[in-house]
Amino acid sequence: MTRRVLVSMALALLPAAALLAAAPAAPASGLPAVGSPAPDFSLATNAGKQASLKNYLGKWVVLYFYPKDFTSGCTMEAHNFQRDLAKYEEAGAVILGVSVDSADSHKGFCAKEGLNFTLLADPDAKVTSEYGSVMEYKGAKLAERNTFLIDPQGKIAKVFTKVDPAGHSEEVLASIAALKKSAQPSSGAGKGSGAGGVTALALPGAEPGGVSLDYLAVDRARQRVWVPAGGTGSADVIDTRTQEIRRVASFPVAEVERNGKKRTVGPSSATVGDGVVYVGNRADSSVCAVDAATLERGGCATVASVPDGVAYVGRVREVWVTTPRDRSIVILDVSAPMSPKVAGRITLDGDPEGYAVDDAHGLFYTNLEDKDRTLRISIADRKVTATWMPDCGEDGPRGLALTGDGTYLMVACPDHVEALAASVDGRIVSKLETGAGVDNLDYLPAKRALYAAAATAATLTVATLDDEGGLHRLASSPTARGARNAVVTDEGVAYVASGLDGTIIVVRPAG
């Protein structure tokens, strides 16, 4: 029998007092401070899946560390959390327990004790150490009995150390209630007077594995954000005043395989036209019309290749559809708004990615992602009139955004944004680092503000553009891993697609 097995057997027989008395090792980084971002993690669960802290953005999280499955104090603590589980759910909170036990041990512990919340396996004590909660018992690393209450914005709200398992659940519930009460605005404060913040909206029908999300669209006239929600088979419509979500359902979906992984695809892009929203669908290569006011479905047009971006071009009453697999842009005639039909095609020398429309000057912009090029196309002639060279590297340029007067074109590169002199010769005027994982962009002309969500860096960058084309960082906000493609309302509220956890992250400006 190995020494590790002997230690495990001894721990299983120890009472709570013995584990509480074990001497804690001094952690390198100490306990995370109240008000600081909670360290993110990805750990195996008792259900055999992976869970990350970012999956719970928008909820209160009770992250509690405990020494060992099946021991008396840990069992008492777990039973009390289970007893109060309905109260936590009512408070908008989830419970996550962490120990150095394996996922299989957690599975057995949950089955034996009837636990219906998530336990996380941290066998190398890496996450436990990041939370300053490692102790040693007879040479073995264990988790000390500490609890971290994390707010819906992902920040540490309260820390409980060396807790007493007997009354701990009631203590945590009381703290959640007190913190929520203190966060409420005073009677004279309106919705627009807060200090900003980050919340998350769960998309209806989202599977545990997330939702494939790409291009969102803002209908500013009706104060709505359109979210083509991939494999859910719906286009979700968010009322930006109330955050209510309505669904335009029953779009086709299909299972595809990419890089050895299967996923379900469906609606993936949207653009707002003249009283009609056009929704591109990767499942059946269609673009369908939806009444922007009533949400009633109209007709569909089928394009020859999988659609990526869709862009309404008002001056000619057309929708331009980028189809990168076919190296082309498909033109749809929407002069009868609810009945789109194919009306032409522009062949390109690369894979189109991103778009921007300058209706006033009759120009359309797209990138060639595989060539690190940006194209200017005449809307009237449907011909490329200029090819520019951004400095995005081998991964190529992604999204585009244009100033209201067409003077500057902003290009999303994988880890930065560039401003090009669109009204002159397309030269690079300025650059701004954003962190890795930028895809699509949005620009709010009234505030001269650019919004860039970096999926890998889990950050939303807001920048201003000066009269000379200089980009200047105005603010940054934490989002979530994988969150990208921000769109912004007239009030400066950003909606960011967080497909990995099937949510839309809402970032409100301070002030």
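Using a probe of 1.4 angstrom and keeping all protein chains present, the accessible surface of region 48-176 works out to 37 square angstrom per residue. The listed peptides 487-498, 101-112, ordered by packing as a protection proxy, come out as 487-498, 101-112 (highest mean of other Cβ atoms within 10 Å first).
Per-residue 3J(HN,Hα) values for region 466-481, derived from phi via the Karplus relation 6.51 cos²θ - 1.76 cosθ + 1.60 with θ = phi - 60°, read 7, 5, 9, x, x, 8, 10, 5, 9, 7, 9, 9, x, 10, 7, 4 Hz in sequence order (x marks Gly and Pro).
Spacing of the modelled spin labels on Thr387 and Glu207, each 7 Å from Cα toward Cβ, amounts to 4.1 nm. In percent, rounded to a whole number, the relative contact order of the chain is 9, using alpha-carbon pairs under 8 Å and six or more apart.
Remark: region 42-55, residue by residue, has Karplus-estimated 3J(HN,Hα) of 9, 10, 6, 9, 5, 8, x, 10, 9, 10, 10, 4, 4, 5 Hz, where x stands for each Gly or Pro and the curve is 6.51 cos²θ - 1.76 cosθ + 1.60 at θ = phi - 60°. Among the cysteines of the chain, Cys74, Cys110 have no other cysteine beta carbon within less than 4.7 Å of their own. Remark: region 242-362 carries 43 Å² of accessible area per residue (probe radius 1.4 Å; ligands, DNA and RNA excluded). Across all C-alpha atoms in region 340-442, the radius of gyration and Dmax reach 13.1, 41 Å.
The residues of region 373-511 expose on average 37 square angstrom of accessible surface per residue, using a 1.4 Å probe on protein heavy atoms. By the equivalent-ellipsoid construction on the alpha carbon gyration tensor, the chain comes out with semi-axes of 48, 23, 22 Å, ordered largest to smallest.
Rounded to whole Å, give me the distance from the Cα center of region 204-250 to that of region 445-477. Region 204-250 and region 445-477 have Cα centres separated by 24 Å. Element breakdown for the chain at a 1.4 angstrom probe: carbon and sulfur atoms account for 51% of the accessible area. Annotation: amide H of Ala38 within the under-5 Å range of Lys155, Ile156, sequence separation 5 or more or interchain, hydrogens built in the peptide plane.
Pairs of Cα atoms in region 244-328 fall into 10 Å distance bins, from 0 up to the last occupied one, in shares of 17, 48, 28, 7, 0 percent.
When peptides 318-329, 216-227, 290-301 are ranked by their average number of other Cβ atoms within 10 Å per residue, the highest-first order is 318-329, 216-227, 290-301.
Quick one: which of Lys126/Lys262; Lys49/Lys158; Lys141/Lys162; Lys68/Lys162 span more than 20 angstrom between C-alpha atoms? Violating the 20 Å Cα-Cα cut-off are Lys126/Lys262; Lys49/Lys158.
In terms of overall dimensions, the C-alpha atoms belonging to region 399-468 reach 33, 24, 16 Å along their principal axes, ordered largest to smallest. Judged by the ratio a/c of the largest to the smallest principal axis of the C-alpha gyration tensor, region 123-181 counts as oblate, that ratio being 1.5 or greater while a/b is no larger than b/c. Charge tally around Thr232: other residues with Cβ under 15 Å, Lys/Arg +1 each, Asp/Glu -1 each, net -1.
In terms of packing, defined here as the mean over residues of other Cβ atoms within 10 angstrom, the peptides 457-470, 272-285 line up highest first as 272-285, 457-470.
The values are calculated or read from the model by the stated rules, or taken from the named source; none is laboratory data. As the structure is a prediction and not an experimental result, all values here were calculated from the model. Note that we place each Cβ from the backbone using ideal geometry, even for glycine, and neighbour counts take in every protein chain shown. Surface accessibility is based on the protein's heavy atoms, side chains included, excluding ligands, DNA and RNA. Shrake-Rupley method; radii C 1.70, N 1.55, O 1.52, S 1.80 Å.
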